[in-house]
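Step one of this worksheet: look at the structure below.
The values are calculated or read from the model by the stated rules, or taken from the named source; none is laboratory data. Every value quoted in this text rests on a predicted model; they were computed, and no experiment measured them. Because the Cβ atoms are built from the backbone with ideal geometry, glycine has one as well, and the counts that use them run over all protein chains shown. Note: areas computed on protein heavy atoms with side chains; ligands, DNA, RNA excluded. Shrake-Rupley method; radii C 1.70, N 1.55, O 1.52, S 1.80 Å.
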Amino acid sequence: MLADHHHRVAVIAGDGIGPEVLAEALKVVRASGVALDTVDYDLGGARYLRTGETLPDSVLDELGQVDAILLGAVGAPDVPPGVLERGLLLRLRFALDLYVNLRPFEGGRLDCAVVRENTEGSYAGEGGALRRGTPHEVATQGSVNTRMGVERCLRFAFELAQSRVRRHLTLVHKTNVLTFAGDLWQRTFDELAPQFPDVAAAYNHIDAACIYLVESPERYDVVVTDNLFGDILTDLAGALSGGIGLAASANLNPARTGPSLFEPVHGSAPDIVGTGRANPLAAIRSAAMMLDFLGEADAAARITKAVAETAPLSVPGAGTVITTTQLGDAVAERL
Ligand code: NAD
Ligand code: IPM
Ligand code: MN
């Protein structure tokens, strides 16, 4: 069952277990019958250590022309923290204006999706250091929240909630302490809510949301939150819904004025690289989200189903007899 048209996909395998899990994701896409024109990009720790480059402008221009980007993981122990994370991954999210980071969780007692704002907040890079290394050192790290940025993220979340069976949306923030940013988020949320009368809207503080996610996750359908809260909450949600090795994500440009980027929630996992213990299901599920966004809904649904059926074969976070490759094969065989 070959697709009518080819999709041009840039593949950034990246660091650590990134190449291991992406190989399985591409294997599964092939088995689904969807034809991809893939181009591999040598970006990440190895390139940085060799050339000092994280994401050259010319490469960024090329990446802006493809239909989608599939990324494994970035971050390497022999590169200072932030160099690759900011210089490569965040640069892509910001430059391509991938303002929604959509992270679905279906497993354990969770059946929800987190809409994480993906271009602002504490990630914007506002701040600086003064008198570094002296006793009078100062470091500031601001959080940038714009009405436009908050509103477009919330609107996406309301529309997503409207499209789901339960039609429930929870804003998660810390309005009791982060009163400036919290006020903007809460007010914009309250202003949008009447436009979505069929969506039940709720609010939780981030600290309470951590309790509820563990103790009563059934209350959550769609959760919308800022960049940093969303980062942390989705690792927790991943751990609670079958393990971080299952958690997939889509960095979306919903207006489709450029490519969107699909990647597992997890990182480069240097502690298990090369052991065959990396769970490829998060990467495979991310590839399915990519296919869905590219209009290949049938293949995406078949892969997602195969991943769910295969999930019990994975042993997240524990030593396992099932290797990365065997798990990829098991998904491919089901298609
Ligand atoms: P991590 O997600 O790489 O690993 C956290 C823990 O989860 C580790 O014990 C790891 O072994 C385990 N784990 C992760 N993915 C797994 C998988 N597929 N199967 C089985 N176990 C898995 O987070 P970290 O250790 O905090 O960060 C390592 C590096 O990755 C850092 O450089 C960090 O900046 C980077 N990072 C990148 C991304 C990304 O590319 N999107 C995400 C998170 C962290
Ligand atoms: C994630 C990662 C990234 C983030 C890092 C690597 C920049 O943790 O995708 O969750 O914090 O957004
Ligand atoms: Mn994270």
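Only protein atoms count toward the accessible area here, which uses a 1.4 Å probe; on the range 109-240, the carbon and sulfur part of that area reaches 57 percent.
Say a paramagnetic label sat at a point 7 Å from the Cα of Val144, along Cα to Cβ; which residues of the range 217-239 have their backbone N under 14 Å from it? Once the point is set 7 Å along Cα→Cβ of Val144, 227 turn out to lie under 14 Å by backbone N, inside the range 217-239. Just checking the listed ones, Arg30, Arg50, Arg147: in the Gaussian network model of the chain with Cα springs under 10 Å, the one fluctuating most is Arg50. The residues of the range 242-289 expose on average 28 square angstrom of accessible surface per residue, using a 1.4 Å probe on protein heavy atoms.
What value does the chain have for Rg/Rh, both radii from Cα atoms and Rh as Kirkwood defines it? Ratio of gyration radius to Kirkwood radius: 0.96. Each distinct pair of alpha carbons in the range 158-234 adds a 1/r term; the inverse of their mean, the Kirkwood radius, is 12.8 Å. What is the local net charge at Leu160, summed over the other residues whose Cβ is closer than 11 Å to its Cβ (Lys, Arg +1; Asp, Glu -1)? Here the charged neighbours net out to +1.
In summary, the range 18-127 shows an alpha-carbon radius of gyration equal to 1.21 times the 2.2 N^0.38 Å reference for compact globular proteins.
Once you have the alpha carbon radius of gyration of the range 109-240, what is it after dividing by 2.2 N^0.38 Å, with N set to its residue count?
1.15
Put a plus charge on the Cβ of each Lys and Arg, a minus charge on the Cβ of each Asp and Glu, and nothing anywhere else: the dipole of the range 198-315 about its Cα centre is then about 340 debye. The Cα-based radius of gyration of the range 146-193, divided by its Kirkwood radius, gives an Rg/Rh of 1.00. For Ser249, the residues whose amide H sits under 5 Å from its own are Glu263, Val265, Ser286, ignoring neighbours fewer than 5 places away on the same chain, with H placed 1.01 Å from N. Measuring between their Cα centroids, the range 270-335 and the range 50-86 lie 24 Å from each other. Solvent-accessible area per residue in the range 109-240 equals 48 Å², computed with a 1.4 angstrom probe and all protein chains kept. The value given for the range 72-149 is a Kirkwood hydrodynamic radius of 15.2 Å, derived from the mean inverse Cα-Cα separation.
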